[in-house]
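Remarks on the structure that follows.
Every number here is computed from the coordinates shown, using simple stated rules; none is lab data. Source: prediction; values computed, not measured. As a convention, Cβ positions derive from the backbone with ideal geometry for all residues, glycine included, and neighbour counts pool all protein chains shown.
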Amino acid sequence: MHMADALLAPAVAATMYVASGAAAGISVHKLRKEDEEVKKLPVMAVSAALVFAGQMINYTIPGTGSSGHLCGGMLLSALLGPQAGFLSMIVILTIQCLFFGDGGLLALGANVWNMAFYGCFVGFYLIWRPIMHSNWFGKMGARAAQRMKIILASIIGCIATLQLGAFSVVVETSLSGIAELPFGAFCAIMQPIHLAIGLIEGLITAAVLTFVYEARPELIKEVDTSDGTVSNKRSLGTVVVIMAVAVALVGGVLSLFASSNPDGLEWSLFGNSEAGYSENMGLDEDEFGISSSAADKAAAVQDSTAFLPDYAFADNDSAAGTSVSGLVGSAMVAAAALLICAVCGFFRKKKSAAK
């Protein structure tokens, strides 16, 4: 769902930057007040890296000629909380944009809003927390009930928040005045395909969170462990190592087997007629959307910063470029997530010392 700059008028792009920036500012302000345990910092780093690696794997949506990939907002907010999850998503999307040319720089504010805000805030506060605090599945044992709530919240949350993100893309392009994308027709294509993508993401998210719950339940937000029925089966270090290995395998190996079909947004815009599927909106991939000086300047910046454009070496199409991109990008995301945590911790200590 990474939007290109051509899909947004500069005024709409600027508005989305302001909205996403405001949400980021509030998140930083709240995190500065929280006393997050230092021992959980490795979990924050490896979780963000896992989402980056997961976004590299496009999975085929059968019978459509399209594919989808993990967004990760629900996963990160369940593990880190909505504020830390949102800032981690900003790190992921910014690194993808600047260093891999994935998503437009002018469109970055919109991409943060569409892919991170809904999953981290709407998904957490309106879906994850209410379900985890509900009495659903009360006739099951405590552990079975918790597992079912994790699975249900993951699936409902991913489906609902991807629907909101897809709808926002339609609204943003409509407000940008792109005549080739009439609101009703574009919406009728975007929503169903992202329903399928959201379902698969929900299942992936549920699988990861169920593993974490079985291993270290206290790492998942809003899980009730007060009854003593859940015990830690693995040490925190073991869980971090397992997740780090998963990052390396996903980013360095499994990314090589990602679907070549266009993702939900690209498929909606351009179709996949070459493979015998619908043309959908039928836009020309080389000439579509809006041209502006702001977009040209943003593209020039990306051209200068993207050292692995499209997750590949700039001078050849070797498969090694994909593996290197997955490993390098994951490491950059992990380092940036740790840096954010360290900065927030520094200001917390400075504020406490001043009292």
Trp136 and Ala342 label points (each 7 Å along its Cα→Cβ direction) are spaced in nm at 4.1 nm
The rounded separation in angstrom of the Cα centers of segment 1-25 and segment 63-85 is 19 Å
Rounded to the nearest 500, the 222 nm mean residue ellipticity computed for the chain from DSSP H runs (n ≥ 4, each -39500 (n - 2.57)) alone is -20500 deg cm²/dmol
Once the mean of 1/r over all distinct C-alpha pairs in the chain is inverted, the Kirkwood radius in Å reads 20.8 Å
Ranking Gly123, Tyr277, Ile290 by how far each Cα lies towards the positive end of the charge dipole of segment 5-354 (+1 on Lys and Arg Cβ, -1 on Asp and Glu Cβ), the top one is Gly123
Here the Cα Rg-to-2.2 N^0.38 Å ratio for segment 22-132 is 1.10
In nanometres, the difference between 0.36 nm per residue of separation and the alpha-carbon distance of Glu279 and Leu256 is 5.6 nm
Taking alpha-carbon centroids only, segment 150-207 lies from segment 278-314 a number of Å equal to 22 Å
For the chain, the dipole about the Cα centre with charges only on Cβ (Lys and Arg +1, Asp and Glu -1), to the nearest 20 debye, works out at 2420 debye
Contact order relative to length for the chain, counting C-alpha pairs under 8 Å separated by 6 or more residues, stands in percent at 29 percent
Filtering the chain for DSSP H helices with an axial alpha carbon extent of at least 15 Å and a Kyte-Doolittle mean of at least 0.0 returns 10-33, 41-55, 82-100, 142-175, 183-215, 236-252, 320-354
For 87-97, 262-272, 13-23, ranked highest to lowest by mean beta-carbon neighbours within 10 Å, the order is 87-97, 262-272, 13-23
